[in-house]
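Chemist: This is the structure I want to talk about, given as structure tokens.
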Amino acid sequence: MSSESTTADSVKLRLKEYLSELLQTGNVRWYGSVKPASVPSGKAILALTPSEQITYVLATLELRDELTDEHGWDIAPPLGALRTALLRKSLPLAPEHIVVLARGLAREARHHLGPDKAILGCLEAYKQDHEFPDAAIVLLQAARHKYPQALGTTDARCALQRMEALLAGKATLRIVAGEVWADAARTAIEQAAAPVRDSWIALLSHCQEASAGSPSAKWQKEADRLVATLGPDELRRRVLEWFPLVDKPRPGDNQLYGGMVLLDLHLDLLKGLAWCASRFDDRDVARALGAAAVSSYKKIPGIGPRAVKLGNACVYALGAMPGTEGLAQLALLKVKVKFGTAQKGIEKSLTAVAERLGLPRDEIEELAVPTYGLEEVGLRREQLGEFTAELAVEADGSTEIRWRKADGKLQKSVPAAVKTEFAEDLKELKAAAKDIEKMLPAQKDRIDNLFLANKSWPLATWRERYLDHPLMGILARRLIWQVTTGSEQRDGIWLDGQIVDARDQPLELPAETTVRLWHPIGRPIDQVLAWRDWLDRHQVRQPFKQAHREVYVLTDAERNTRVYSNRFAAHIVKQHQYNALCGIRGWKNKLRLMVDDSYPPTSRDLPVWGLRAEFWVEGAGDNYGTDTNETGTYLYLATDQVRFYAIDTPGVTAHASGGGYGHFYGAAPEPLPLADIPPLVFSEIMRDVDLFVGVASVGNDPNWIDGGRDVPHYDYWQTYSFGELSATAQTRKEVLQRIIPRLTIGGRCSFEERFLIVEGKLRTYKIHLGSGNILMRPNDEYLCIVPRRGEGAGTDTVFLPFEGDRTLSIILSKALLLADDNKIKDETITRQIKRK
């Protein structure tokens with residue numbers, strides 16, 4: 001027999017030769033037609049020593065994806081034929097080889113032909129003299145579970161019966177080592193006493209059957225019995241220990257499953273555990289399930305959400321939990337998770353909770369906001385021995401835990417007595433602080449979306465859920481509210497324990513008063529300016545733009561086009577950033593790939609108004625690999641029209657690369673006239689689109705022109721970076737015109753149309769108020785300054801009337817930096833400034 005090197009590279013090279021030679025012969029797409037010995041490379045492999053042949057058997061399974069990608073045709077028959085020919089021989093297989101073969105069966109599960117018979121025969125021969133490794137048993141069980149109960153042919157069903165015979169009498173721990181949570185679980189179960197270990201194996205075996213979208217009554221009944229045998233406390237303890245570890249990457253594994261992708265055979269098991277945990281009315285369990293859901297819906301580049309099945313199971317479990325602890329986590333997920341499929345599950349669970357509690361669906365998210373033990377707006381006190389803990393919530397959503405001694409004096413660190421005597425109370429206090437820091441930003445986004453909900457509240461309800469709510473009051477007391485009593489309508493905001501108007505005059509609010517969120521659309525300009533002055537006078541920073549909110553009204557151009565707006569057409573935006581913004585603002589969008597396929601426009605349903613808004617976009621570029629990433633996803637989109645339709649109007653699609661939208665049966669349906677759209681709806685939709693363009697435009701990237709004029713979309717970048725100001729930028733200019741004169745640099749700053757002019761010691765700078773990009777006088781040379789992470793360094797002490805405009809903070813930080821340009825130490829900046 002001949003012998004050759006069996007390094008990974010040599011094996012791969014020889015398999016490539018084998019596939020290429022077979023491809024030239026034809027007749028390779030069917031197993032029966034493939035003859036490995038008919039080509040020189042196949043004959044050479046079959047002549048190797050048994051130990052060398054094992055390497056090729058395993059390679060046919062482990063290298064299949066790589067070889068398929070390279071050859072671009074179906075290589076399963078030729079690889080399978082080679083593997084079958086080799087496995088007919090008596091090969092000296094070790095336990096690690098059996099695991100790879102079992103993994104091959106698990107991967108091919110669901111195939112209509114049934115399990116690979118050559119691998120089955122090899123496993124049967126091995127079983128006669130050896131015990132299967134636990135990992136192989138788990139993989140075989142997972143494979144059997146994936147096959148349909150009845151396969152199409154007698155031959156396939158016979159193969160399935162052979163697999164079942166291999167597993168007969170096997171009861172083993174169905175967890176494979178390698179993932180952080182799995183390693184912790186295996187260690188805990190293997191070290192447990194025999195009755196607990198056996199109970200865990202039985203429960204996890206049952207959890208492995210959790211393949212449906214939700215548990216059946218039969219499945220749940222058996223799960224309840226097994227949990228009772230194991231002990232609910234043991235289950236709760238391990239759920240709280242293992243589920244937080246699901247977010248940890250798989251150590252050192254960047255191969256088949258990747259660092260963050262969970263093993264397929266673990267997903268059903270974790271699903272079943274989540275369903276079992278739905279029986280607990282427990283805050284900590286709800287937190288663990290909520291965190292696992294967020295982790296599961298995280299997107300991995302080129303793959304998508306990492307564990308949709310587990311995320312959906314956690315969402316179901318939260319909705320099925322008794323009490324309201326699960327509801328609080330669902331409310332958080334509703335505004336934090338942007339994945340479309342997840343949103344459907346969250347909505348279904350919220351509806352289930354509303355029905356169980358007998359509450360209106362449209363109110364459930366308001367009622368779900370916990371107080372986290374806060375006794376008054378933004379403050380919780382907890383007496384722990386001789387010390388008083390104060391959990392304080394700041395306006396920006398951050399929290400601080402302070403400690404007071406018996407005499408009222410502050411202590412800087414956590415008292416030692418509290419750590420030892422009140423460890424559980426301290427743990428709960430810290431957990432509440434973390435929950436608040438997650439919940440408050442989520443609720444801020446929810447309220448910001450209430451403008452389009454057209455919602456109002458009776459006075460008492462509004463006070464309970466917003467103004468006087470210990471958590472929501474932190475947001476509500478910095479917002480302007482429209483109050484209506486009978487036919488009288490007034491506007492007010494919280495000040496010193498009461499609601500006042502823009503002149504600080506208290507408003508009388510009878511019990512029959514109704515309240516809604518104030519919006520500047522249709523308001524006289526003097527009223528809007530009066531509220532801006534009020535915020536400035538009282539140094540109140542709103543959680544989002546309200547008094548300074550941009551208002552979009554129909555233009556003459558839009559009256560002429562009648563049914564569509566071109567206001568935000570012809571922009572180039574970064575697709576992935578655009579897609580993320582769509583999710584944040586509640587729009588539906590699909591990432592576009594450079595493929596022969598059609599996509600619907602980006603859209604937002606407005607059920608309260610019976611409308612659907614659409615923003616038409618298409619892929620930008622036609623060079624695969626330059627205009628796309630490695631998965632073929634467009635890097636950039638070109639923007640087009642904004643249109644409105646009745647919500648039940650059939651949708652339209654367009655080819656990924658453009659060419660116009662249309663209906664499957666013909667031309668696109670007629671959109672609604674823009675003049676018929678309610679002004680508030682039109683303004684808010686156009687504001688969203690302005691946000692998409694203003695944030696995701698390539699014109700905002702200060703590094704874009706590093707490649708010179710040959711860089712893609714150079715002309716667009718130049719036009720956008722220093723072009724006309726959008727409504728958002730106009731608002732930014734108005735705010736800066738109020739702020740800049742109060743700063744120490746005020747005397748060195750002025751405004752010229754689209755720019756903030758800063759007189760430095762070395763140069764004069766023009767900062768564009770839309771993009772934040774900079775030109776230097778006298779020759780308008782571009783100055784590249786890349787902002788740090790965060791909202792503009794050095795502006796923390798500057799009062800801004802609203803949160804959320806990162807570009808505003810960046811412009812301020814650049815102005816503060818450039819006014820003292822002679823003190824700049826960063827060579828990447830000074831080198832540009834001093835270049836004449």
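The values are calculated or read from the model by the stated rules, or taken from the named source; none is laboratory data. All figures in this text were calculated on a predicted structure; none of them were measured in a lab. Cβ: placed from backbone, ideal geometry, glycine included. Neighbour counts: every protein chain shown. Note: accessible area is taken over every heavy atom of the protein model, side chains too, but ligands, DNA and RNA are not part of it. Shrake-Rupley method; radii C 1.70, N 1.55, O 1.52, S 1.80 Å.
Chemist: Can you sort Lys444, Lys409 by 1.4 Å-probe accessible area, starting with the largest?
Modeler: On the way: Lys444 50, Lys409 130 Å².
Greatest to least solvent exposure: Lys409, Lys444.
Chemist: Separate question: From the Cα trace of the range 378-424, what convex hull volume per residue do you get, rounded to a whole Å³? Show your work: numbers first, answer last.
Modeler: Numbers: hull volume 3.8 nm³, N = 47.
So the per-residue hull volume is 80 Å³.
Chemist: Using 0.36 nm per residue of separation minus the Cα-Cα distance, give me the extension gain between Gln527 and Arg361 in nm, one decimal.
Modeler: Working: separation 166, 0.36 × 166 = 59.76 nm, distance 3.52 nm.
56.2 nm is the gain from fully extending Gln527 to Arg361.
Chemist: Another question about this same structure. Tell me the relative contact order for the range 712-836 as a rounded percent, counting alpha carbon contacts under 8 Å between residues six or more apart. Please report the intermediate quantities before stating the final value.
Modeler: Details: 148 pairs, mean separation 28.4, N = 125.
Worked out over the range 712-836, it gives 23 percent.
Chemist: Top to bottom by accessible area (1.4 Å), largest first, where do Glu355, Glu17 land?
Modeler: On the way: Glu355 140, Glu17 75 Å².
Largest accessible area first, the residues go Glu355, Glu17.
Chemist: OK, next. Mind checking the full-extension length gain between Lys248 and Lys344? Use 0.36 nm per residue of separation minus the Cα-Cα distance, one decimal, nm. Before the final figure, lay out each step's value.
Modeler: Numbers: separation 96, 0.36 × 96 = 34.56 nm, distance 2.63 nm.
Roughly 31.9 nm would be gained on extension.
Chemist: Give the peptides 613-619, 827-833 in descending order of average Cβ contacts within 10 Å, highest first. Walk me through the numbers before you get to the answer.
Modeler: Numbers: 613-619: 24.4, 827-833: 13.3.
Ranked from most to least packed, the peptides come out as 613-619, 827-833.
Chemist: Then there is this: Would you mind pulling out the separation of the Cα centroids of the range 546-591 and the range 84-142, in Å?
Modeler: Here the answer is 56 Å between Cα centres.
Chemist: Quick one: how many Å² of Leu450 are accessible to a 1.4 Å probe, rounded to 10?
Modeler: Around 20 Å² of this residue is reachable by solvent.
Chemist: Kindly state, as a whole number, the per residue volume in cubic angstrom of the convex hull around the alpha carbon atoms of the range 416-484. Write out the running numbers ahead of the final one.
Modeler: On the way: hull volume 7.4 nm³, N = 69.
Given the Cα convex hull of the range 416-484, per-residue volume reads 107 Å³.
Chemist: Once you order the gyration tensor axes a ≥ b ≥ c over the Cα atoms, which shape class does the range 173-212 get: rounded for a/c under 1.5, otherwise prolate or oblate by comparing a/b with b/c? Spell out each step's value before the answer.
Modeler: Values: a/c = 3.08, a/b = 1.13, b/c = 2.72.
Oblate, because a/c is 1.5 or more while a/b does not exceed b/c.
Chemist: Taking each pair of distinct Cα atoms in the range 159-232 once, what is the resulting Kirkwood hydrodynamic radius in Å?
Modeler: Numbers: mean 1/r = 0.0721 Å⁻¹.
Mean inverse Cα-Cα distance, inverted, gives 13.9 Å.
Chemist: Another question, if that's okay. On full extension of the chain, what length is gained from Gln220 through Arg537, given 0.36 nm per residue of separation minus the C-alpha to C-alpha distance? Could the numbers behind the result be given before it?
Modeler: On the way: separation 317, 0.36 × 317 = 114.12 nm, distance 6.00 nm.
Roughly 108.1 nm would be gained on extension.
Chemist: Same structure again: log10 I(q)/I(0), Debye, Cα-only the range 501-601, no solvent, q = 0.22 Å⁻¹?
Modeler: The Cα Debye sum returns log10 ratios of -1.26.
Chemist: Let me ask another. Shape verdict for the range 296-445, please, from the Cα gyration tensor: rounded (a/c under 1.5), prolate (a/b greater than b/c) or oblate. If you can, show how the numbers build up before the last one.
Modeler: Numbers: a/c = 2.43, a/b = 1.94, b/c = 1.25.
Verdict is prolate for the range 296-445.
Chemist: Just how large is the dipole of the chain about the Cα centre, in debye to the nearest 20, putting +1 at every Lys and Arg Cβ and -1 at every Asp and Glu Cβ?
Modeler: Working: 107 positive and 110 negative charges, 140 e Å.
Taking the Cα centre of the chain as origin, the dipole is about 680 debye.
Chemist: What does the convex hull of the alpha-carbon atoms of the chain project to on average, in nm²? Can you show the working numbers first?
Modeler: On the way: hull surface 181.0 nm².
Result: 45.2 nm².
Chemist: Report in % the part of the accessible area of the chain that belongs to carbon and sulfur, leaving out ligands and nucleic acids; probe 1.4 Å. Can you show the working numbers first?
Modeler: Values: 19490 of 38070 Å².
Roughly 51 percent of what the probe reaches on the chain is carbon or sulfur.
Chemist: Tell me, what is the percent relative contact order of the chain, built from C-alpha pairs under 8 Å that lie six or more residues apart?
Modeler: Numbers: 1260 pairs, mean separation 45.8, N = 836.
Relative contact order comes out at 5 percent.
Chemist: Follow-up. Mind giving me the FRET efficiency for Gln482 and Ala202? R0 is 56 Å, r the Cβ-Cβ distance, nearest 0.05 is fine. Display every interim value, and only then the final one.
Modeler: Details: r = 60 Å, r/R0 = 1.07.
After rounding to 0.05, the efficiency reads 0.40.
Chemist: When the C-alpha atoms of the range 591-722 are aligned to their principal axes, what extent does each axis show, in angstrom, from largest down?
Modeler: 47, 34, 20
Chemist: Additional query: Determine the calculated [θ] at 222 nm for the chain from helices alone, applying -39500 (n - 2.57) to every DSSP H run no shorter than 4 residues and normalising by the residue count; nearest 500 deg cm²/dmol. Numbers along the way, then the final one.
Modeler: Values: 31 runs with 364 residues, N = 836.
Computed ellipticity for the chain at 222 nm equals -13500 deg cm²/dmol.
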